[in-house]
Amino acid sequence: AFAYDLQAQKRAIIVGETTRGGVSPSTRLLISSRFGVIMPVSRVRNPVTGTNWEGGLKPDVTASAARARTVAHLAALETIEPRHKDDPLTSEIAEAIARLKKDVTPGVNK
């Protein structure tokens, strides 16, 4: 819910794999000693989209779970890099980007 809400409000870029969904809170009800049912007890709806993440939250940037953190870190550094020209962080950011680019090949998710 947190990631979906941030994405819907354009407050975050989601990196990784599509989630499995599982939106509606539910409860288990025993019908008999041998049978039961799982029943939704409420409905989740985002006020911005009018929908929810049923069927899975789709990331803005697709990356395997194993590489998502590296891809997100690289994207964050590339976003802040233009704001740090000719200051004490310039070389540190550039070095980190170069190092991460060795680990991430655009368009390829391993």
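The values are calculated or read from the model by the stated rules, or taken from the named source; none is laboratory data. Since we're looking at a predicted model, the values are computed, not measured. Note: ideal-geometry Cβ built from the backbone for every residue, glycine included; neighbour counts use all protein chains shown. These area figures cover heavy atoms from the full protein model, side chains too; ligands, DNA and RNA do not enter into them. Shrake-Rupley method; radii C 1.70, N 1.55, O 1.52, S 1.80 Å.
Can you give the FRET efficiency for Arg99 and Arg28, using 1/(1 + (r/R0)^6), R0 = 41 Å, r = Cβ-Cβ distance, to the nearest 0.05? Mind showing how you got there, number by number?
Numbers: r = 49 Å, r/R0 = 1.19.
Here the calculated transfer efficiency is 0.25.
Take the solvent-accessible surface of the protein heavy atoms, probe 1.4 Å, and return the percent of it on the range 53-92 that carbon and sulfur atoms account for. Don't skip to the end; give the middle numbers.
Details: 1510 of 2690 Å².
So the carbon and sulfur contribution to the accessible surface is 56 percent.
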task: Tell me which label goes with the value of Rg and Dmax of the Cα atoms in Å computed from the coordinates here: (i) 33.3, 107; (ii) 14.5, 45; (iii) 20.2, 72.
output: (iii)
- request: Note down the relative contact order for the chain as a percent, whole number, built from C-alpha pairs under 8 angstrom at least six residues apart.
  value: 27 percent
- prompt: For the chain, what is the calculated [θ] at 222 nm in deg cm²/dmol (nearest 500), taking -39500 (n - 2.57) for each run of four or more DSSP H residues and dividing by its residue count?
  reply: -9500 deg cm²/dmol
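Would you please give the FRET efficiency between Thr79 and Val48, computed as 1/(1 + (r/R0)^6) with r the Cβ-Cβ distance and R0 = 22 Å, to the nearest 0.05?
Values: r = 23 Å, r/R0 = 1.02.
The formula returns an efficiency of 0.45 here.
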- line: The set of residues whose placed amide H lies less than 5 Å from the amide H of Thr51, leaving out same-chain residues fewer than 5 positions away, is Asn46
- prompt: In terms of Cα to Cα distance under 12 Å, which aspartates and glutamates are near enough to Lys101, apart from those fewer than 8 places away along the same chain?
  reply: Glu78
- request: Compute the long axis of helix 68-80 from its Cα atoms, compare it with the longest principal axis of the Cα atoms of the chain, and write down the angle in degrees, 0 to 90, nearest 10.
  value: 50 degrees
- prompt: Rounded to the nearest 0.05, what FRET efficiency do Glu92 and Ala65 have when you use their Cβ-Cβ distance and R0 = 25 Å?
  reply: 0.35
- prompt: Could you give the accessible area per residue of the chain, probe 1.4 Å, as a whole number in Å²?
  reply: 76 Å²
